[in-house]
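Everything below concerns the one structure shown next.
The values are calculated or read from the model by the stated rules, or taken from the named source; none is laboratory data. Because the structure is a prediction, the values reported are computed rather than measured. Positions of Cβ are backbone-derived with ideal geometry, glycine not excepted, and every protein chain shown enters the neighbour counts. Quick note on the areas: whole protein, heavy atoms, side chains included, nothing else; ligands and nucleic acids left out. Shrake-Rupley method; radii C 1.70, N 1.55, O 1.52, S 1.80 Å.
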Amino acid sequence: MTNMNSGKLTLHKEAGQADSVRELDVVIVGAGFAGLYMLHRLRLSRRTAIVIDRGSDVGGTWYWNRYPGARCDVESYQYSYGFSPDLDQEWTWTERFAPQTEILSYAQHVADRFDLRRDILFDRTVESAVFDEADDAWVVTTHQGEVFRARYCIMATGNLSDVKLPDIDGIGNFAGESYHTGAWPHHAVDFAGKRVGVIGTGSSGIQCIPEVARQAEHLTVFQRTANYSVPACNRVLADEEIAAIKADYPNMRALVHRTRTGTILPRSRGPLGNFDTAEVEREFEARWDGKKGGGSSFIAAFDDLLTSLESNAPAAEFVRGKIASIVNDPQVAEDLTPQDYPLGAKRLVCDTGYFDTYNRPNVTLVNLRRTPITRVDADGIETGDVFHSLDALIYATGYDAGTGALNRIDIRGVGGRSLRDKWREGPKCYLGLMVAGFPNLFIITGPGSPSVLSNVLPSIEFHVEWIDRCLSDLEGRRIEATEAAEEDWAEHVRQCAEQTIMTKADNWYLGANIPGKPRVFFAYAGGVPSYEKKCNEVARDGYQGFRILEKEACA
Ligand code: NAP
């Protein structure tokens, strides 16, 4: 274990540089769940570290996503840290799927309980991170002019944090209130008596549409692609359930790492082809109505729903049938029905009363595929020959996923090469942890790791603990992924994705939602156990696929 420097402010003025450079062992970017736990672990390993975040508080995605209806689609008790048995016992989740407010409170509680805030700098936007080859250190600068210098830099920037506005001509002309679900204001937003438009029907849109419909005078939903959605079956947890959850924490924490998605769901029945139609229907029905899980347990009903188009088809058809039976107006039902891609090829959405919302008299669905937007002006949006007058517009249009938050920072590695440039053809990142040419730079849940295809809390914990162990093993030396290991891993990630049906839609896993973004499936689809086994073997065998250099050998 090394404690490489004192962490105090040192004056280091050079021409054109800031007045002071703060020297540390590690700089962490992002104060979401990844950054918080990384800081905690580094402190336990007696390293000096600072976390920098553009928000005014901890929580990352849960700090920004304050839109009405925002809640997790993984069960609360599983979507939480497993590193502290005491924390497990003292924190009580009140609902099966926690609302954003409760998850944010949990992050704040963790920050306070482990005294993390004193090493977090809020309201700072990291502008650049540049590797200083001569000194084998990262120089991180903020928009506010501060400079930090650290042997290691850890990006805890999240996969879904770079919000995307729609590429619709004239959208800037709209003069009413505008909101993005991923950058929701911190003051109360009241839609009462207002005509509101929502663009986008992914998870964010589908969660907020029922809530906004209840408040607004009128809600118009502008839908480009109809989405599969299943009832979340959320409910308040009874006292006995809470007691059972708390008693089972040690077992559950170990078990999640042995599941493919890092999530414990009702057991899958095996390949769908083993069952007759009636049994298949019964299984889907039980998962749809919550008798057997509800929410994303639907997609785990049979083993091969995400790997076989043939097995996927009855699942898709089941949801189509549900939409037809819930939505009163047949044309609206048809417009809401996904037709041209398999279920789960876009992330399956878990909702509360979404399809029922279209039976309300104050809700209109506009199918942009039938009637595209022809004009946007100060007062609203025209589609075909209908003008939709709006007081407020909500963009639920998603994110530049996986790489967006990293590419927002000017990251420069060996020879001044920028990460944006290196990833021009799509991200390559060995084990989703490190990029060749960018020594000593770690990415938590980076591209090439299970990240968004897993329960991200255990995935974060796994990465944090791997990095912490790696830093201890390094004792200050330089580490870098080799080009060969990175290439092999990228190919493996590609092959794993190809074995699923998730490459069969224009989704954000492939970057298809960002015009001009190369189509590269960025997450590791081979499952959590095989991924973690590989990372552990790599570390155990002396960091295979990485080059480790003494400091003197680096320059
Ligand atoms: P998203 O899934 O990317 O959905 C964006 C929506 O906006 C899509 O319906 C998309 O249509 C539409 N859109 C984008 N550009 C458009 C344009 N120019 N014109 C018209 N429509 C446009 O984004 P998201 O809903 O924010 O969800 C992203 C991910 O965040 C989720 O998949 C999930 O992983 C995570 N999330 C999770 C939760 C939860 O845990 N419950 C909640 C929210 C988000 P197309 O489909 O045609 O592109």
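For the structure I just gave you, tell me whether residue 307 is of a type in the set (Val, Ile, Thr), under 27 Å from the mean Cα position of the chain (by Cα) and either in a loop (DSSP other than H, G, I, E, B) or at positive phi (or both).
Numbers: of a type in the set (Val, Ile, Thr): yes; under 27 Å from the mean Cα position of the chain (by Cα): yes; either in a loop (DSSP other than H, G, I, E, B) or at positive phi (or both): yes.
Considered against the rule, which asks whether it is of a type in the set (Val, Ile, Thr), under 27 Å from the mean Cα position of the chain (by Cα) and either in a loop (DSSP other than H, G, I, E, B) or at positive phi (or both), residue 307 comes out as yes.
Among the numbered conditions (1) open to solvent by 20 Å² or more (accessible area, probe 1.4 Å); (2) of a type outside the set (Val, Ile, Thr); (3) farther than 30 Å from residue 371 by Cα, tell me where residue 331 comes up short.
(3)
With the condition kept exactly as written, say whether any residue in segment 211-223 is open to solvent by 30 Å² or more (accessible area, probe 1.4 Å) and within 16 Å of the ligand (Cβ to nearest atom). So that I can check it myself, show each step before the final result.
Taking segment 211-223 as the starting set, the residues that turn out to be open to solvent by 30 Å² or more (accessible area, probe 1.4 Å) are 211, 214-215, 217-218.
Retained after the next criterion (residues that are within 16 Å of the ligand (Cβ to nearest atom)): 211.
Within segment 211-223, one or more residues are open to solvent by 30 Å² or more (accessible area, probe 1.4 Å) and within 16 Å of the ligand (Cβ to nearest atom).
If only one of 188, 192, 175, 150 is away from the ligand (no atom under 13 Å from the Cβ) and open to solvent by less than 20 Å² (accessible area, probe 1.4 Å), which one is it?
Numbers: 188 fails: open to solvent by less than 20 Å² (accessible area, probe 1.4 Å); 192 fails: open to solvent by less than 20 Å² (accessible area, probe 1.4 Å); 175 fails: open to solvent by less than 20 Å² (accessible area, probe 1.4 Å).
Among 188, 192, 175, 150, only 150 is away from the ligand (no atom under 13 Å from the Cβ) and open to solvent by less than 20 Å² (accessible area, probe 1.4 Å).
Within the set of pairs 6 or more residues apart or between chains, which connect a residue that is touching a residue at least 12 places away in the same chain (Cβ under 8 Å) and away from the ligand (no atom under 16 Å from the Cβ) inside segment 229-251 to a residue that is part of a helix (DSSP H, G or I) and open to solvent by less than 40 Å² (accessible area, probe 1.4 Å) with Cβ atoms less than 9 Å apart?
Here the result reads 237/245; 245/88; 245/252; 246/88; 249/88; 250/88, each pair linking segment 229-251 to a residue that is part of a helix (DSSP H, G or I) and open to solvent by less than 40 Å² (accessible area, probe 1.4 Å).
Within segment 359-388, work out how many residues are without any contact (Cβ under 8 Å) to a residue 60 or more places away in the chain and of a type outside the set (D, E, K, R).
8
Restrict the check to segment 386-400 and report whether at least one residue is surrounded by fewer than 18 Cβ atoms within 10 Å (Cβ to Cβ) and polar (S, T, N, Q).
So far as segment 386-400 goes, yes, one or more of its residues are surrounded by fewer than 18 Cβ atoms within 10 Å (Cβ to Cβ) and polar (S, T, N, Q).
Name the single residue that is farthest from the ligand (Cβ to nearest atom) among those in segment 483-506 being loosely packed, with under 15 Cβ neighbours inside 10 Å and either assigned to a loop (DSSP other than H, G, I, E, B) or of a type in the set (Gly, Ala, Ser) (or both).
For segment 483-506, the residue satisfying everything is 484.
Please go through segment 46-83 and give me each residue that is out of contact with any Leu (no Cβ under 7 Å at 6 or more places or on another chain), of a type in the set (S, T, N, Q) and open to solvent by 10 Å² or more (accessible area, probe 1.4 Å), ordered by number.
56, 65
Return yes or no: is residue 526 farther than 30 Å from residue 45 by Cα, at pLDDT 95 or above and touching a helix residue (DSSP H, G or I) at 6+ places or on another chain (Cβ under 9 Å)? Break it down into steps so the answer makes sense when it comes.
On the way: farther than 30 Å from residue 45 by Cα: yes; at pLDDT 95 or above: yes; touching a helix residue (DSSP H, G or I) at 6+ places or on another chain (Cβ under 9 Å): yes.
Judged against the criteria, residue 526 is a match.
Within segment 107-120, identify whether any single residue is under 21 Å from the mean Cα position of the chain (by Cα) and either modelled with pLDDT under 95 or not in a helix (DSSP H, G or I) (or both), and answer yes or no.
There is no residue in segment 107-120 that is under 21 Å from the mean Cα position of the chain (by Cα) and either modelled with pLDDT under 95 or not in a helix (DSSP H, G or I) (or both).
Pairs needed: first member in segment 51-72, outside any loop (DSSP other than H, G, I, E, B); second member anywhere, charged (D, E, K, R) and more than 14 Å from the ligand (Cβ to nearest atom); C-beta distance under 8 Å; at least 6 residues apart or different chains.
Hits for this filter: 51/119; 52/124; 63/57.
One line per residue, one yes/no per condition, for (1) under 25 Å from the mean Cα position of the chain (by Cα); (2) under 26 Å from residue 508 (Cβ atoms):
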{"site": "337", "(1), (2)": "no, yes"}
{"site": "347", "(1), (2)": "yes, yes"}
{"site": "357", "(1), (2)": "no, yes"}
{"site": "362", "(1), (2)": "no, no"}
{"site": "372", "(1), (2)": "no, yes"}
{"site": "381", "(1), (2)": "no, yes"}
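Scan segment 447-481 for residues that are polar (S, T, N, Q) and more than 16 Å from the ligand (Cβ to nearest atom) and jot them down. Break it down stepwise before answering.
We begin by selecting, within segment 447-481, every residue polar (S, T, N, Q); these are 449, 451, 454-455, 459, 472.
Within segment 447-481, 472 is the sole residue that qualifies.
The rows are residues; the columns are (1) assigned to a loop (DSSP other than H, G, I, E, B); (2) in contact (Cβ under 8 Å) with a residue 12 or more places away in the chain; (3) surrounded by fewer than 20 Cβ atoms within 10 Å (Cβ to Cβ).
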| site | (1), (2), (3) |
| --- | --- |
| 467 | no, yes, no |
| 508 | yes, yes, no |
| 512 | yes, no, yes |
| 523 | yes, yes, no |
| 529 | no, yes, yes |
| 534 | no, yes, yes |
| 537 | no, no, yes |
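Which residues, taken from segment 255-300, are open to solvent by 50 Å² or more (accessible area, probe 1.4 Å) and part of a helix (DSSP H, G or I)?
Hits for segment 255-300 are 255, 273, 274, 277, 278, 281, 282, 285.
Identify, from the list 167, 88, 115, the residue that is open to solvent by 20 Å² or more (accessible area, probe 1.4 Å), acidic (Asp, Glu) and more than 14 Å from the ligand (Cβ to nearest atom). Break it down stepwise before answering.
Values: 167 fails: more than 14 Å from the ligand (Cβ to nearest atom); 88 fails: open to solvent by 20 Å² or more (accessible area, probe 1.4 Å).
From the options 167, 88, 115, the qualifying one is 115.
Of the residues in segment 411-422, how many are outside any loop (DSSP other than H, G, I, E, B) and either out of contact with any helix residue (DSSP H, G or I) (no Cβ under 8 Å at 6 or more places or on another chain) or open to solvent by 60 Å² or more (accessible area, probe 1.4 Å) (or both)? Before the answer, list the steps.
Step one: list which residues in segment 411-422 are outside any loop (DSSP other than H, G, I, E, B), which gives 411-412, 414-416, 418-422.
Checking which are either out of contact with any helix residue (DSSP H, G or I) (no Cβ under 8 Å at 6 or more places or on another chain) or open to solvent by 60 Å² or more (accessible area, probe 1.4 Å) (or both) leaves us with 412, 414-416, 418, 420-422.
Here the count works out to 8.
Among the listed residues 425, 480, which satisfies the condition of being of a type outside the set (Lys, Arg), surrounded by fewer than 22 Cβ atoms within 10 Å (Cβ to Cβ) and out of contact with any helix residue (DSSP H, G or I) (no Cβ under 7 Å at 6 or more places or on another chain)?
Values: 480 fails: surrounded by fewer than 22 Cβ atoms within 10 Å (Cβ to Cβ).
Residue meeting the stated conditions: 425.
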